[in-house]
Each structure stands twice: as C-alpha cells, then as structure tokens.
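Encoded as structure tokens, the structure appears first; notes follow it.
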Number of protein chains: 4
Amino acid sequence: MSSYGPQVEVAIARVRADVARLHSELVRNNLVVWTGGNVSGRVPGADLFVIKPSGVEYPDLAPENMILCDLDGTVIPGTPGSERSPSSDTAAHAYVYRNMPEVGGVVHTHSTYATAWAARGEAIPCVITAMADEFGGEIPIGPFAIIGDDSIGRGIVQTLTGHRSRAVLMQNHGPFTIGKDARDAVKAAVMVEDVARTVHLARQAGEVIPIPQDAIDSLFDRYQNVYGQAPQGVIQ
Amino acid sequence: MSSYGPQVEVAIARVRADVARLHSELVRNNLVVWTGGNVSGRVPGADLFVIKPSGVEYPDLAPENMILCDLDGTVIPGTPGSERSPSSDTAAHAYVYRNMPEVGGVVHTHSTYATAWAARGEAIPCVITAMADEFGGEIPIGPFAIIGDDSIGRGIVQTLTGHRSRAVLMQNHGPFTIGKDARDAVKAAVMVEDVARTVHLARQAGEVIPIPQDAIDSLFDRYQNVYGQAPQGVIQ
Amino acid sequence: MSSYGPQVEVAIARVRADVARLHSELVRNNLVVWTGGNVSGRVPGADLFVIKPSGVEYPDLAPENMILCDLDGTVIPGTPGSERSPSSDTAAHAYVYRNMPEVGGVVHTHSTYATAWAARGEAIPCVITAMADEFGGEIPIGPFAIIGDDSIGRGIVQTLTGHRSRAVLMQNHGPFTIGKDARDAVKAAVMVEDVARTVHLARQAGEVIPIPQDAIDSLFDRYQNVYGQAPQGVIQ
Amino acid sequence: MSSYGPQVEVAIARVRADVARLHSELVRNNLVVWTGGNVSGRVPGADLFVIKPSGVEYPDLAPENMILCDLDGTVIPGTPGSERSPSSDTAAHAYVYRNMPEVGGVVHTHSTYATAWAARGEAIPCVITAMADEFGGEIPIGPFAIIGDDSIGRGIVQTLTGHRSRAVLMQNHGPFTIGKDARDAVKAAVMVEDVARTVHLARQAGEVIPIPQDAIDSLFDRYQNVYGQAPQGVIQ
C-alpha cells in the first residue's frame, strides 16, 4: 500500500469524499442515466487524481470505491478501490490534468441537450445573460475522437486552452467540463445542460437576439470577480 | 445590532421564514438549477425586505441566513446573515420595492421556457384560459439591461406599472415576478413557466386560437375576485 | 349536519378518502402546478359527489377538507369541509354527474401537452396502440366555454356522449376526463397527457403512420374486456 | 403446487426478486405511467420465466405476486401469484424466450421518445457515440402487429435476430428490449429512450453528423468487451 505522508493522505480522503458525493449531483440534475457520466478531482499537492469506477451504479458509489490514479491514468495499486477498473474515460481526464495544471476537476456526461448540439457539431451561441456570466461566450465544439488513445483528452485541451468556456461539446459524443475543483466542474456540467436546453428551445420558435460582445465581456468579468461569497477567478 | 421594536421584529422573523421556505418551491417546480434564482419579501410596516444570500446552495438556505436590507438594497449591519453578500440581484429587488409600494414580494429565476421567450424578446400571447385567469393577457418583455446599476429594476417597474401581468420577461435574461407577498410572487414564477411551456409547445405544432379580449377580461376579473378561499385583489 | 344513513355515510367516507388521495397522483404524474387541477367522485347510492376545495395547496388536502355537494354543485351545509368554497370547476363536474349517470369520477387538469393541443383546437389522432387501447380512437376537442354558467359542463357532456374517449380537450382550456369512478378518471387524465406528449413529439419529426380502423376497434375491444385483473367495461 | 428441485426453486426466487425490483427502475427512469410496461426474466436452468401481473400498480409489485410461466406463456398453477393474470404482453415475451435461447430478459415500455419514433416507423440513426457503444448501430423498426396471437413476438424475433441492437421499436406501439438477463434488458430500455430523446432533439435543430461505420464498429466492439467491471459479451 502506498503512503504519501499525512497531508496528502488527508487531501486524498477529502477528494474521495467530494468526488463520491458530487456524482449524486449528476443524478439530481438529470445529467446521467444508468451508470453513465463521471466526475474526477485532482489531489491538491500531489500528482494524483480520484475518479469513479467503471460501470458501477450510482447508489453504490462511496468514497472507498473511488479510484486513485496518477497523472498517466494508472491506478495506484494497493489503495482502496484499486481492485476495480476506473472509468473508461480515465485517459481523457488524465490528459487534462497533465496538460492543464490549473484544472482541479473534470466532469463528463451525455446530458441530453448538450449532446444534441454535439451531434450536430454546433457551438451554443451566447444569447442569454446566465451563459455570458458562466461561460463568457459560446460553448465550443471539440473534434470527433473515439476512446482508446489520447485523442479525446487532446481534443478537450486544445479546445479549452485559452477559451473562457469551462465546457466543450465533443462532436457526436457529449460535454466535458473543467473547473478549479471537482465541484466547480460539476457546476459547469449542470450549467452547460441548462443553457443548451434553453437556447435549443429559444431557437426552435424563432430568431434569438444576440447579446452585444461588450455586454458579454462585462457580465463575464463581473461574475468571475464579484458573484458568490468569495472571488472565484477564472481557472484558465 | 439594529432593533425595530417588537412588532417589526416579529414581522422580520416571519418574512425570513417565508422567504427561506419559498426557495424550496423554486426547486420543487424545477425553476432553478444550482444556486440560481432568488426570492425576496417586504417586511410589512417597515422600509425593509429580506432576500437570499448570493451563491449559497439551496439545501443551506435557512431563516437565519436570509439577509435583511433597506429599500436601497443596503444590508442592515449586525443582523443575522449580514456577514454574507446578498443576492447579486438585490439592487433590482430594492428598486421594485422603492417604486411599487403595493408589491410585497419579488422573484427572479432563469426558468427554461420563460427564458427561451426572453431570448427572442417575444411576449407570450394569451391563448390559454389559465393565463387569462392569472395574468389577464400577454406576458410582456422588458428591456435588455445588465447588472451593475438600476437598469434592471427600472426595466421591471416601467414594464409592469399599469400592466395586469405580475411577470415580465427581461430580454435575454429571464423572468421577474411580483406579488402582494413573497408567496404570491413565487406563484407567479411557477405559473409563468407553466404558460411559457404550454404556449411554446402549442405553437410548435401549428396555429393557436386566440381568446377574444372580452373573454380574457371576464376570466381575469373573475379569478382575481372569486377564486380561492378569499378575494385576492389585483396588486397593481 | 346532514345524515344519509349508515350505508351512504360509509360510501361518503370512502369517496372522501379516494378523492383526497387521488390528487397526489396528479402531482406525482406532473399534471398540475400549484393548486391547479381537481378530482371529484360520485357517492354510490346517493345524489352526491365529493370534490376538492378551491385554491388549497396539494399537501393540505385530506379527506376531511374534501367538500360534499349535491348534483347541482351546492355544498351540503354542516358537513366536514363545508366552511370552504369548492373548486371553481364544481359547476362543470356537477353538470357531468347530472347528465351522465354512468360517470362516477371527473378530473380536470391543465396538463402541458394536452393543453397545447387544446390551444390549437386540434383533436389528437390515434396513431399509437396504447391510445387505441385506452381511448378507442382520437381524443376530441370540446367547445370554447368560459367559467360562470353551464357551458363548460354542457360542452363536456355533448362531446363525450356516445364517444369512446373518456377525455375531452376543452378548447384553449385543457383536458377533462371521466371514468367509472374517480380512480378511472385519474387514469384517463394520466393517459391523455402521455398520448398528447407522444403524438406531439412523433409529428414534430415527420409524418406519423395511421393505425387502420379495424385494428383500433380490435385493440379497444380487447383492452376494455380483457386487460387487468377484472373486466372494466366501457363506461359510456 | 409445482416443485422443480431446490436449485431451480432458488433460481425462481432470485428471478422473482430481480423482476419485481427492476420494475422500480422503469418508474425511476420515467419510462412508464400508471400500470404500463413490463419486465420478465428467464429462470436459468429451466424452461420457465417470471413476469409482472396485468394491470397492477407499481407500488404493489412484490416478488410473491410476480407470475411464473412456462415458455408457452402458460401460468404454472399453484405457484405464488398464479391466481392473477400475467401481463397482457406475456405471449410476446414467451415467443422471444422460445426462439432466442440466449435471451435471459425482456422489457416492454411505451417510453415517450422511443414510441414517437415508432409512430413514424422510423429507425433511430446512430449519431452519438453512446448509441454506438450500446447498440452498435441504428435501432430498428419492427412490423405493425396487434396483440392476440404470435405476431408481436415474431416481429421482435425476426427484427433482432442477427442484429446488434438489443432494442426494437415496434411500429405504432413502442420499444421491446432484450438482454442476457432482466437487468440487462432494463438497461437497454433505459438507453433506448435516452438515445431516442437525444437524437430527436439533435435533428430538430438541424442536420446531424453521421458517425463513420468503422468508428461505430470499433466503439461497439470495445464497449462489449472492455467496459464495466467484467466482460459482458454480445447476447445475440
């Protein structure tokens, strides 16, 4: 069994608890069905992250069956949960953590409306103020990439690097979101589905009114710096 | 710590409890995601109102962390919850209370269908009897206005003053509703989403049949004066 | 206080309990918001029915605040709940009970998809087998009629008399359903929204395939006579 | 009362418990309303299967009122639940078990979006990777067939034999799914509704991007052999 010193072990325990609990937010917000979707969180102060096991049902997720991986996505042997396989999307999460050091959490779902935009390969235009607040503009499309090598992770990183959005819609696949920690990435996953649905419905019935770029900039700037009980900052 | 005399303190306590509890109706009716949406209530007999703190999760809302403000939207120092920031929409709520003395409650959400109409800047036409009952005609669009000064509050007041509707769809933003108290404003928020959804779906499949103006007038009049266990009256 | 003899009093108590409990099915099936919607049940062996009070919230509905009425819709004085006003749709329910002796339950909602068809004044065509089973063909539109006299009740009775459907979509208003008892009418209210939604979505994406009339007849006949644990029979 | 030896009796008890419990997944995933929908499971090591009774409400379903049938769909007399009628779809389930020995579970629902595709007689094209994973290509349409003889069962078997998909949309009727056991068939029922909804919404707003056949093949192959905690294999 590995040991990382008391401070890191405490951090691991906290991230295990957070990641396990945050999966219930995916269920509560109707972002996932069956065993789909996954949340991971980086362990602060270590080259490690915690992710959901593969194909396990939501009610069975608990801190001790979350899986600890290094930044190559290799399961750390002898740690709790290591007898199971990690999420089949682990390689994509690992790629993001290796290449975006400011990212502390990654979430993937096949949430309905976001995936519908992804199936058309169409970015979501910024036509509601909540979207300007949260994403600072459109939500971009990432490349078509299938599981099995680094192409999903690379597509996420290339699309989101230097972009205000914490969400990318991988073509024909679904949304991946990033955040300063796992909770922030889950929030982005909740919000991307919400705006995907609202803008879908808005356009269905006629033309939407664009928001001027300077208003988008001002809303994004204010939200990142003022909203909530403490400044959040932009993670990328 | 402020003291307003026993009667006002009792009123404050009651409004704190109502406002905290009414936020759960926003969740139960699927009008909000994450920490979005806010309810406020005027304190009867005082130039005060109670509003939700900013960026706090719904399960954590309780009477003692609701925030007491004066009608300029300034937090009353030393009162329970005053260590937190009030909702980022506090200035808009305050503007409404200052300028519409008959209003006792204000609600803001980004509920899906209502916001979809707002993104097109399109008023909801009155084609179902429940809408005639509740809103007395179309639900109007308010101007595009961004957070940071009085422009949201002013847009709400200018649109709703002299209008039968207790709901306005602020363009590209979402619905604000008013009521004789916080509960009445929450009811309006529930009903505006309900009619926004029904009329959206109705129009999607063909032409809707308009309701004659005299039938709308008669339904609105009857509902405001007869429905329920006691007359409600029109608040504006 | 009225007394109807022990047998009728037992029947009243049972209908009170059924009607109170069945309102929770309206909530569970997302057919109503706020205090909207109402269920009533005829008291077997008496010229009486039980209906929901007006404007009371769903969690507060209990057998003892259901309201007992005669077939003119007049509240029976001195009975439990009689201090409250009955549902504002009581006159329509009463008209149905007076004119359709085979009807034992009536339900009214503004359920979303059914009301959307009603806003266009368009009958729902029978293109799914579950609809042939349950309604034996299309679900018809009733006339535009506003509250205040017998016109809603008359519209329901004229449309459903001699029709296989237990549901009518009152134009610009919403569905009314009837049944052999209150539970059967609630089932029809659940099913009419289900088929309204499915057929709406089916047509949205292209042309639906009609079901041949002889297949509709055969499905309806079989379902009314074979399905379930005991024969149900057609109520009208 | 029949007796099949201790091993088969244990298997029967396990399938009864599974089938009863799995019906709650249909409710939780919003695949059914009222008493609609049914799950069955083959008893391993015997020519028997367990199915839901007809027209019984979901909260009343328990292991002891599930019904044991032989592969002709005849209820085994004297066994628990045998006083009730089995699901009206029992003949279709039985036909599948007789003709597809590799099938261990069958599910039927009228889930909204899947039934909407069925009403148009339109197969769901494979445009999202989750669908390639789970179904290996399009979800096919089965023939129009009404209840009363073997035509539903025959339509299911003819459509799914040699097909990668575990789901068929019976025209004007709704989805039937198969699986290696009842749980696997329920998973397919959940997933078919999920992809039916997502692809419906995707196409509503414009053209969807097809997934190349070799990518579909590679995703399907990987998912069947790698995903989850143990290999699953393709059942047909």
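The values are calculated or read from the model by the stated rules, or taken from the named source; none is laboratory data. Predicted, not measured: the structure shown is a model, and the values here were computed from it. Virtual Cβ from ideal backbone geometry, glycine too; neighbours counted across all protein chains shown. SASA here: full protein model, heavy atoms, side chains in, ligands and nucleic acids out. Shrake-Rupley method; radii C 1.70, N 1.55, O 1.52, S 1.80 Å.
The GluC sites (Glu not before Pro) of the stretch B:80-127 that DSSP puts in a loop, and whose beta carbon has at most 15 other beta carbons within 10 Å, are B:E83, B:E102.
Calculated from DSSP H runs of 4 or more alone, at -39500 (n - 2.57) each and per residue, what is the 222 nm mean residue ellipticity of chain B, nearest 500?
On the way: 7 runs with 95 residues, N = 236.
After summing the helix terms and dividing by residue count, I get -13000 deg cm²/dmol.
Residues A:V75, D:V127, D:V10, ordered by accessible area of protein heavy atoms at a 1.4 angstrom probe radius and largest first, appear as D:V10, A:V75, D:V127. Of the residues B:G105, B:G206, B:G162, the one that moves most in a GNM of chain B with alpha-carbon contacts below 10 Å is B:G206. From the alpha carbon centroid of the stretch A:69-112 to that of the stretch B:37-75 is 41 Å. Between identical copies, the spacing of C:V8 label points, each set 7 Å from Cα toward the C-beta atom, reads 5.9, 5.9, 8.3 nm from nearest to farthest.
In straight-distance terms, cross-link reach from B:K187 covers every one of the lysines whose alpha-carbon lies under 28 Å from its own, apart from those fewer than eight places away in the same chain; here that gives A:K187, B:K52, C:K52, C:K187.
Measure nothing fancy, just the Cα-based angle from helix C:6-28's long axis to the longest principal axis of chain C, in degrees from 0 to 90, nearest 10. It is inclined by approximately 50 degrees. Residues whose amide H comes within less than 5 Å of that of B:Y4, counting only those at least five positions distant or on another chain, are B:E9 (H built at 1.01 Å from N in the peptide plane). Give the distance, in whole Å, between the Cα centre of the stretch C:1-36 and the Cα centre of the stretch D:185-220. Cα centroid to Cα centroid, the span is 44 Å.
In Å², and per residue, what accessible area does the stretch D:6-225 have when probed at 1.4 Å with the other protein chains present?
In whole numbers, the stretch D:6-225 has 33 Å² accessible per residue.
Between C:L31, C:L169, C:L201, the Gaussian network model of chain C with springs among Cα atoms under 10 angstrom shows the greatest mean-square fluctuation at C:L201.
Computed over protein heavy atoms with a 1.4 Å probe, the carbon and sulfur contribution to the accessible area of chain A reaches 51%.
Label-to-label distances for D:G45 across copies, nearest first, come out at 5.4, 5.4, 7.7 nm, using points 7 Å from Cα in the beta-carbon direction. Once you have a ≥ b ≥ c as the square roots of the Cα gyration tensor eigenvalues for the protein assembly as shown, tell me rounded if a/c is under 1.5, and otherwise prolate or oblate according to whether a/b is larger than b/c. Oblate shape, in that a/c is at least 1.5 and b/c is the bigger or equal ratio. Against chain A, whose longest principal axis comes from its Cα atoms, helix A:151-160 is set at around 50 degrees. Once the Cα atoms are used to define both axes, helix C:213-225 deviates from the longest principal axis of chain C by about 30 degrees. Summed over both chains, the contact between A and B buries some 2700 Å² of accessible surface at a probe radius of 1.4 Å. Relative to the other identical copies, B:T161 shows label-point distances of 5.5, 5.5, 7.7 nm, where the label point lies 7 Å from Cα along the Cβ direction and values run shortest first. Derived scalar couplings between HN and Hα for the stretch B:111-117 equal 4, 4, 6, 4, 5, 5, 4 Hz in order, rounded to whole Hz, by the Karplus curve 6.51 cos²θ - 1.76 cosθ + 1.60 (θ = phi - 60°), x for Gly and Pro.
Quick one: ranking A:S3, D:S24 by accessible area, 1.4 Å probe, largest first, what do you get? All intermediate terms of the calculation are to be shown ahead of the outcome.
Details: A:S3 95, D:S24 60 Å².
If we order A:S3, D:S24 from most to least accessible, we get A:S3, D:S24.
The contact residues of the stretch A:24-44, meaning those that lose at least 50 Å² of 1.4 Å-probe accessible area when all protein chains sit together rather than their chain alone, are A:V33, A:W34. With the simple model of a label 7 Å out from the Cα in the direction of the Cβ, D:N225 to B:D47 spans 7.7 nm. Residue and distance for the chain D Cβ closest to the axis that moves D onto B, in whole Å, come to D:Q204, 5. Which FRET efficiency value, to the nearest 0.05, is calculated for A:S3 and C:E57 with the Förster distance at 60 angstrom and r the Cβ-Cβ distance? Here the calculated transfer efficiency is 0.60.
If you add up the charges near D:P140, with Lys and Arg at +1 and Asp and Glu at -1, over every other residue whose beta carbon is less than 12 angstrom from its beta carbon, what do you get? Working shown, then result.
On the way: positive: D:R164, D:R166; negative: D:E122, D:E138.
Combined, the nearby Lys, Arg, Asp and Glu give 0.
Counting only heavy atoms of the protein chains and using a 1.4 Å probe, C:D217 has close to 50 Å² of accessible surface. In this structure the amide hydrogen of B:G142, modeled in the peptide plane, comes within under 5 Å of the amide hydrogens of B:L169, B:M170, B:Q171, none closer than 5 places in sequence on its chain.
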